[in-house]
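Novice: Below is one structure. I have some questions about it.
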Amino acid sequence: MERSNRTEWSGRIYSTGGDDKIVKQNVAEANAYAKKVLALIDKEEITPADAAWITEETVEGFRDHVNPGFLEYRKATTVEHALAAVEWSDAGLNAYRDVNGREYIDCLGGFGIFNVGHRNPRVVKAVANQLRRQPLHSQDLLDPLRAMLAKTLALLTPGELEYAFFCNSGTEAIEAALKLAKALTMWREVEERSIGDHLVVRLQIDLEVGGIDPIWWTHAK
């Protein structure tokens, strides 16, 4: 019996190989959708019709392609998702605006991302200058700004802290810190308890002669 290369999911047919026509149809649909989104981003102002489409697409996208749980616990949506608040732009240093023009005072600050405000003019200028010169270093040649930032941090940090490890997230930072602690102190167990209802993380590390075993995490609330 011939095996089918097509899978039906969410009302669409996707190819798992061997059906170029279906693949090309999906690519065309994705390109058209992306162009529509980019056109909205390019607009100085969006219309009420744009706002309704963006809201509908956002709710549907979170439900079908991101995580439906976001729609249940976020304060930005009702149970029926009929009054979903979808952010669209900043509204000054300490506020933002949704697609319908409502403004909100930002008391969260993106968990510290906006500690100097939304689109602070000095930050925007520095980012624009860098983008005009080079958006990202090559990952091959030596990056001068990384070295200069590390030196600046070394001048500011206390004690004998001389080296900096740059990463993209708190997860990477914690993982690197634990690996360094393991390598330098040979701790067999690290336990950290946070206050209140925060997650209690228990890390057990087992060492072998000549190698390092995997790290096991046990999470409990």
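What follows draws every value from the coordinates through simple rules; no lab data is involved. The shown structure was predicted, so the numbers you read here are calculated from the model rather than taken from an experiment. Here the Cβ is made from the backbone with ideal geometry for all residues, glycine too, and neighbour counts use every protein chain on show.
Novice: Cα gyration tensor of the stretch 89-135, axes a ≥ b ≥ c as square roots of the eigenvalues: rounded (a/c below 1.5), prolate (a/b > b/c) or oblate?
Specialist: It comes out prolate by the Cα gyration axes.
Novice: For LYS125, what charge total do you get from the other residues with a beta carbon under 12 Å from its beta carbon, if Lys and Arg give +1 and Asp and Glu give -1?
Specialist: Neighbour charge sum, excluding LYS125 itself: +3.
Novice: Provide the gained length on full extension for the span ARG133 to LEU149, in nm with one decimal, where the gain is 0.36 nm per separating residue minus the Cα-Cα distance.
Specialist: Answer, rounded to one decimal: 4.0 nm.
Novice: A further question follows. With θ set to phi - 60°, apply the Karplus curve 6.51 cos²θ - 1.76 cosθ + 1.60 along the stretch 136-146 and write out the HN-Hα couplings as whole Hz, x wherever there is a Gly or Pro.
Specialist: 7, 6, 6, 6, 10, 7, 6, 8, x, 5, 5
Novice: Below 12 angstrom from the Cβ of GLY92, what's the summed charge of the other residues (Lys, Arg +1; Asp, Glu -1)?
Specialist: Local net charge: -1.
Novice: So, one more: In what sequence, highest mean first, do 119-127, 95-103 appear when ranked by Cβ atoms within 10 angstrom?
Specialist: Output ranking for 119-127, 95-103: 95-103, 119-127.
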